[in-house]
1. Taking the Cβ-Cβ separation of LEU355 and SER118 as r and a Förster radius of 30 Å, what is the calculated FRET efficiency to the nearest 0.05?
2. Report the extension gain between ASP108 and SER220 in nm, rounded to one decimal, defined as 0.36 nm multiplied by the number of residues separating them, less their alpha carbon distance.
3. Restricting to DSSP H runs of at least four residues, report the calculated mean residue ellipticity at 222 nm for the chain, -39500 (n - 2.57) per run over all residues, nearest 500 deg cm²/dmol.
4. For the chain, compute Rg over Rh where Rg is the Cα radius of gyration and Rh is the Kirkwood radius from the inverse mean 1/r over Cα pairs.
5. When Lys and Arg each count +1 and Asp and Glu each count -1, what net charge do the other residues less than 14 Å away from LYS222, Cβ to Cβ, add up to?
6. Dipole magnitude of segment 147-234 about its Cα centre, charges +1 at Lys/Arg Cβ and -1 at Asp/Glu Cβ only, in debye to the nearest 20?
7. Expected output is a single nm value to one decimal: the length gained when fully extending between VAL98 and ILE175, i.e. 0.36 nm times separation in residues minus the C-alpha distance. What is it?
8. Within the chain, which DSSP H helices have Cα atoms that stretch 24 Å or more along the helix axis and a mean Kyte-Doolittle hydropathy of at least 1.0?
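What follows draws every value from the coordinates through simple rules; no lab data is involved. Predicted, not measured: the structure shown is a model, and the values here were computed from it. Heads up, the Cβs are rebuilt from the backbone with ideal geometry, glycines too, and the neighbour counts pull from every protein chain shown.
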Amino acid sequence: MAPQGDWRARFLGGLDDPLRDFADDSVGRDLVIDMSGVERLDTVGAMMLQRTLRACERNGDSGFVRANEAQAALLEQVENHLSPCHVEPLHENAFVAVIRRLGVGVVDAYYAAIEVLSFVGLALATAGRVLLNPKKMRWTSTVYHMEEAGLNAMPIVGLMSFLIGAVVAYMGAKILSMFNADIFTVELVGISVLREFGVLLSAILIAGRSGSAFTAQIGSMKIREEIDAMRVLGLDPMEVLVLPRVIALVIMLPILALVAAVLGVIGGGLVAATAMDISPALFVSRFQETIVINHFWAGLIKAPFFAFVIAIIGCFQGMEVEGSAESLGQHTTLSVVQALFLVILIDAFFAMFYLEIDF
């Protein structure tokens, strides 16, 4: 083999495939490469020649001849760097892929939890600073969000709670009638709606309605660089955007939970009157006799905690939005998912806590 001319990278684009074909056809043969016709040589050309030689040589008779001192030194230099690169498989092992994704998810969840806790600390510090200087409190914004996040959500929360109470009563009517215990539907509706369904349904609806709205509103402001403009003007986004939303939701969610509990009981009572021949008077009398006030407080106590988590997650995800509509959509989805997860987690914690203290 006698290469000719200029063997530098810029002139070798069309020679790679022919050299590989030549090497495939010459496997197992002795190859002598005459370097006398090579005018200029760089590392790319030397690498291609060394690769071809290694692919073809069978014994010690192969090699380079008539190479000048510079060419010989370069060929010797690249000879030790011909190890093939590791090629990732196109489809990795399914089990390994699952484990890898699980590990990445755990690490991401850890860092996300740290960031959320930092945001909670910042929000509490801002609340303490505003408490010491009430003039900084933005009451107009707070009242506006109380209306938007709470008052305007009351119809849908009330309707859903009414229907849930009716569904629970229907389920009780079907099961309890098998044991001639229809009257215990009152306890079923009262305890389930007051302790769980009223406040939990309200929190879920608010997380999907208002929590996502918080993320979309703040995220849109982040995209339009309005939050940066606030900082330039000397305004604290935590005081202007986050704190009014948190306070508004903490105030309004217990009210929504109260309305949901009342309408849920009314829905259950209506079904009991129409499907089980339990008159409203009997339903109310039985309700007063068997349902203690602790069940009502057990549900209502959870509402401020749910509200705080929903508002914090909604505002945090809004602050995390970057400059694109895709990022806004992703963080809005994350806001709802994380808020619902934390609401259910807190509800489970309260259930275990109430069980331990017999409340």
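1. Rounded to the nearest 0.05, the efficiency is 0.40.
2. Here the answer is 37.9 nm.
3. Working: 15 runs with 244 residues, N = 359.
About -22500 deg cm²/dmol.
4. Values: Rg = 36.2 Å, Rh = 26.6 Å.
With Rh from the inverse mean 1/r over Cα pairs, Rg/Rh is 1.36.
5. With Lys, Arg at +1 and Asp, Glu at -1, the net is -4.
6. With Lys and Arg at +1 and Asp and Glu at -1, about 140 debye.
7. Full-extension gain reported as 23.4 nm.
8. Passing helices, by number: 94-132, 154-176, 243-275, 302-320, 325-357.
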